[in-house]
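Below is one structure, written out as structure tokens; the observations come after it.
The values are calculated or read from the model by the stated rules, or taken from the named source; none is laboratory data. Source: prediction; values computed, not measured. Reconstructed Cβ throughout: ideal geometry from the backbone, glycine too, with neighbour counts over all protein chains shown. Just the protein is used for accessible areas: all its heavy atoms, side chains included, with ligands, DNA and RNA removed. Shrake-Rupley method; radii C 1.70, N 1.55, O 1.52, S 1.80 Å.
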Amino acid sequence: MDGVKPVSTPLGSNVKIQKDGTTSFTDATLYRSVVGALQYLHLTRPDISIVLNKVCQYMHDPFVEHWELVKRILRYLKGTVDYGLHLYPKQDYSLHAYCDADWAGSLDDRRSTSGYCIYFGGNLIYWSARKQKTVSKFSTEAEYRGVAIATSEIIWIQSLLV
């Protein structure tokens, strides 16, 4: 993938991924190998968390559409090699969190995905993106669950800092 054209986002804005695709991917070992390597990279690249979460859901039975998504992640990484986590010393000891959720974003089981990131003194220290455990009936409910998950993590981090 050295000669590919980079893209500016790891996932298209209106892309919906489903469990079943048109054609089964022939080399599942290659798929698992590349996705496994991306899982290690995500430790310093939280910008690929959401899309990596999606491709990991299909490691047991990947389709060609899932492989195309993995290749898009690689194209994105090619154009953003200098991105990563940067930690700076600051005297600010405040915690800030940002969260979001998509309502019924999974076409397979209609569960929502929540994501959040927590900053300590301006430095990103914790982030997560995962499917919610239950199906939300309304978008407000999905957002509320996302806020509740992020809040519980902030409370846990505060207990460490006291």
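Data overview
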| item | result |
| --- | --- |
| Flag for W127 being buried (at least 17 other Cβ atoms within 10 Å of the Cβ) and among the aromatic types (F, W, Y) | yes |
| Of all residues making up segment 32-44, the number that are open to solvent by 50 Å² or more (accessible area, probe 1.4 Å) and out of contact with any helix residue (DSSP H, G or I) (no Cβ under 8 Å at 6 or more places or on another chain) | 6 |
| Selected residue (criterion: least open to solvent (accessible area, probe 1.4 Å)) from residues of segment 13-31 that are without any contact (Cβ under 8 Å) to a residue 24 or more places away in the chain and in a loop (DSSP other than H, G, I, E, B) | D27 |
| Number of the exception - D100 against (1) open to solvent by 50 Å² or more (accessible area, probe 1.4 Å); (2) among the acidic types (D, E); (3) not in a strand (DSSP E or B) | (3) |
| One residue from I73, I155 being modelled with pLDDT of 95 or more, surrounded by 16 or more Cβ atoms within 10 Å (Cβ to Cβ) and not aromatic (F, W, Y) | I73 |
| Test set (1) of a type in the set (A, V, I, L, M); (2) surrounded by 14 or more Cβ atoms within 10 Å (Cβ to Cβ); (3) over 26 Å from G21 (Cβ atoms) - L52 fails condition number | (3) |
| Per-region count, segment 64-97, residues in contact with a Phe, Trp or Tyr (Cβ under 6 Å, 6 or more places away or on another chain) and in a helix (DSSP H, G or I) | 3 |
| Segment 103-119: number of residues that are open to solvent by less than 20 Å² (accessible area, probe 1.4 Å) and either over 17 Å from S49 (Cβ atoms) or not in a loop (DSSP other than H, G, I, E, B) (or both) | 6 |
| Residue match in segment 146-157 (condition: within 22 Å of S8 (Cα to Cα) and not hydrophobic (A, V, I, L, M, F, W, C)) | no |
| Which listed residue is among the charged types (D, E, K, R) and either under 24 Å from K19 (Cα atoms) or under 18 Å from the mean Cα position of the chain (by Cα) (or both), from D109, D92 | D109 |
| Some residue of segment 6-21 being under 15 Å from the mean Cα position of the chain (by Cα), farther than 18 Å from T113 by Cβ and not aliphatic (A, V, I, L, M) | no |
| Meets criteria (assigned to a loop (DSSP other than H, G, I, E, B), surrounded by 12 or more Cβ atoms within 10 Å (Cβ to Cβ), polar (S, T, N, Q) and at pLDDT 90 or above) for T9 | yes |
| Residues of segment 32-51 that turn out to be part of a helix (DSSP H, G or I), among the hydrophobic types (A, V, I, L, M, F, W, C) and either in contact with a Lys or Arg (Cβ under 7 Å, 6 or more places away or on another chain) or free of Cβ contacts under 8 Å to residues at least 40 places away in the same chain (or both), as a count | 5 |
